[in-house]
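A quick write-up on the structure given underneath.
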Amino acid sequence: MPARLPSWAWTTGLTVGAIAAVTVLAVQADRGPHPTAASAKPRSTASAGADPTPTPTASVPTRVPDGSGTGRRVVYSLGEKRVWLVDASEGSRRTFTVWPGTVSPDPGSYTVSSRNEGTTGSDGVQIEHIMYFAAKDGVSVAFSNAVDGASPPPAASGTKTGGVRMRKADGTALWAFGTVGTTVAVVK
């Protein structure tokens, strides 16, 4: 006759089995496909030309643009469609490309005025890590990323959008770096 296990042993065994199953599923999900936009990938460009759908390029400008100020700051280049996170020692901690909205701030110095963990963007997409820093033509300009990591859809003709979108990992890094009061230097 087999020995009977105490009830706590069954509970412990079930808990260990459930944890193992969740771990396996998490690893599989991490290795699986991730959301991407089929039509647009950010890229570095020397002009803000008519190309509304940036694509990756091999060269990555790592030098912080001249005329972007000094000290700890976020630098946003309109022409390069790129952001730099600059520490107090003037070193670039991170740089990445962005997808600008249809309304861009004028070059100049701004500060992060408020932050919002998440909401729905004017394009109907769930966004997070929203950091407001400027306004132009009645439109608030803010950095953000889509919750699902996708690039924004092309703006409808005449639609004014002030969101400066980025990849999810870049949005997380910017959120950690830029608190209320952080300087945002916008350059051409």
When you look at Lys168, is it closer than 19 Å to Ser68 by Cα and at pLDDT 95 or above, yes or no?
-> no
For segment 143-165, pairs from a residue that is open to solvent by 70 Å² or more (accessible area, probe 1.4 Å) to a residue that is assigned to a strand (DSSP E or B), with Cβ under 9 Å and 6 or more apart or across chains, are Asp148/Gln126; Lys160/Val139
Within segment 42-58, is even one residue modelled with pLDDT of 95 or more, not β-branched (Val, Ile, Thr) and not in a strand (DSSP E or B)?
-> no
Filter result for Glu90 (surrounded by 17 or more Cβ atoms within 10 Å (Cβ to Cβ) and among the charged types (D, E, K, R)) | no
Residues of segment 170-186 that turn out to be in a helix (DSSP H, G or I), out of contact with any Lys or Arg (no Cβ under 9 Å at 6 or more places or on another chain) and surrounded by 14 or more Cβ atoms within 10 Å (Cβ to Cβ), as a count | 1
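The values are calculated or read from the model by the stated rules, or taken from the named source; none is laboratory data. Computed from a predicted model, the values in this text were never measured in an experiment. So basically every Cβ, Gly included, is an ideal-geometry build from the backbone, and we count neighbours across all protein chains shown. Side chains are part of the model used for accessible areas, which takes the heavy atoms of the whole protein and leaves out ligands, DNA and RNA. Shrake-Rupley method; radii C 1.70, N 1.55, O 1.52, S 1.80 Å.
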